[in-house]
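What follows is a set of notes on a single structure, which appears directly below.
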Amino acid sequence: MAARRISSLLSRSLSASSGCSSLLLSRGKNPGLRRSIPRFSTAAAAAALEELVIPPVQVCHTQLLINGQFVDSASGRTFPAYDPRTAEVIAHVAEGDGEDVDRAVAAARKAFDEGPWPKMTPYERCRILLRFADLVEKHSEELAALETWNNGKPYEQALHSEIPSMARLFRYYAGWADKIHGMTVPADGNYHMQTLHEPIGVAGQIIPWNFPLVLFSWKVGPALACGNTVVLKSAEQTPLTALYAAKLLHEAGLPPGVLNVVSGYGPTAGAALANHMNVDKLSFTGSTHTGKIVLELAARSNLKPVTLELGGKSPFIICEDADIDEAVEAAHFAIFFNQGQCCCAGSRTYVHERIYDEFLEKAKARAMKRVVGDPFKKGVEQGPQIDVEQFEKILRYIKLGVESNATLECGGERFGSKGFFIQPTVFSNVKDDMPIAQDEIFGPVQSILKFKDLDEVVRRANATAYGLAAGVYTKNIDTANTLTRALRAGTVWVNCYDVFDAAIPFGGYKMSGIGREKGIYGLNSYLQVKAVVTPLKNPAWL
């Protein structure tokens, strides 16, 4: 039944996108159109998607993981996990709800209050996390194949970038496990004062669909290193890899109840976790709209502390002295990486007016060369969008861009005739008040804007509700220093973009979130600081 529902949705989206394409490509009907828009070959698109690779992996885990055991949901309901290349069902996964969250939280609470994990020596916790990292590498091909199959990202990206990053992050936090400690603090009077850094308890974690395994590691790694127990809610679009990874963690020696995974929908399972009175801390990655709901639920329940990593509309500033060829490639990567489904995507490309025309022509040419197709095939740079909802949303924004009088330079249509593929799209003559420059599209749509001087571009770049990331391309160190300090964003990349490391903190200003993940900063939200004061009798020194 679910397969038929999504098939009908897809059919409707095809009809809608066909109408959109007619609008976009009808010459002379909109001032936002050039007389001739470079078009992707329909024959090439059909050939690229004609024979899809059979994923080299089997789906082995579709139940909830509670207290170390794979179990059915309390209701017995399941929901489908889809292949975004075709909109076909991969597997049916247990649909957790409030009752299942209660079971998972009870298991995590018992494991924290009575189990061995928080009482285990930090070194032994370190060894378990290191063994898990070894298993991630051992099973990297299966993990990458599941991620690509369920998410649509290029297999080469998952295998050679994201899985190694996951293993590296767990090793990083394994190294921190036995280095978490408090301080001895001088105090006035005859007192000994020390601080203890204690695990916070049961951590609720909600991860998104765009980087399931990467965000699994960002959240689970520091939580476990600090001695906490976890209830993790996976995204309903991509539930498969979290279950596989959790199984490997137990194989590495994780005690039962320390990590529990509940798959299900946000309004049921996610809301139950955020609202739970027995969860001590919450971490959420997703949209700003949902983040507000999560924060409110956490406050209305037990006022649990919340870490939020939310949306973005990040500026990428190309200064007049930049190496244009390098800047074109960096800006292309900044927006089109991961099908544009990246919270920190450089989705507002600001280019100095003196180099704007040259940059635009080269950016358009690079977009036209981008390889779109079956993400399992070698050399493919861009796979499908995650689902029909995201697919239709992106096409709506492309239509809005044209209607707002931005110039469609290339792309603007679906790619092929099945699945959720969209052509790499470039707009020029974009103004700051246009929807494509204001809203988070979360797709392969590059908006190129023109600026005159640094004061102007700083003002415009900061004129957004978001503040997750920014990029700067310049050969002048003074310009770089001026911009990095002026831009209100949690990360600023200079002459590069999307450079991540286990030690580099990540998080946003303004409505892009609260708190930081990764690095030493990622530990803080999973620890409580306790002050302990005892009197000293006849101390030899103070």
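Things worth noting here:
- Label point distance in nm, residue 389-residue 181, each placed 7 Å from Cα along Cα→Cβ: 4.8
- Helical content alone sets the calculated 222 nm signal of the chain at -12000 deg cm²/dmol, taking -39,500 (n - 2.57) per DSSP H segment of four or more residues and averaging over every residue.
- Summed over the residues of the stretch 156-201 and divided among them, the accessible surface reaches 52 Å² per residue at a probe radius of 1.4 Å.
- Distance between the stretch 124-154 and the stretch 48-92 - C-alpha centres, whole angstrom: 17
- Of all accessible heavy-atom area on the chain, the percent that carbon and sulfur account for (1.4 Å): 53
- Rounded accessible area per residue of the stretch 385-443, 1.4 Å, Å²: 30
- Remark on residue 283: its backbone amide H falls under 5 Å from those of 204, 205, 206, 307, a criterion applied only to residues 5 or more positions apart or on other chains, H modelled at 1.01 Å from N.
- The stretch 482-542: chymotrypsin sites (Phe, Trp or Tyr not before Pro) falling in loop per DSSP and having at most 12 other Cβ within 10 Å: 541
- Rounded to the nearest 0.05, the FRET efficiency derived from the C-beta distance between residue 196 and residue 431 at R0 = 51 Å is 0.40.
- The residues of the stretch 262-336 have, on average, 35 Å² of accessible surface per residue, using a 1.4 Å probe with all protein chains present.
The values are calculated or read from the model by the stated rules, or taken from the named source; none is laboratory data. As the structure is a prediction and not an experimental result, all values here were calculated from the model. Cβ: placed from backbone, ideal geometry, glycine included. Neighbour counts: every protein chain shown. The area values use the complete protein model at the heavy-atom level, side chains included, leaving out ligands, DNA and RNA. Shrake-Rupley method; radii C 1.70, N 1.55, O 1.52, S 1.80 Å.
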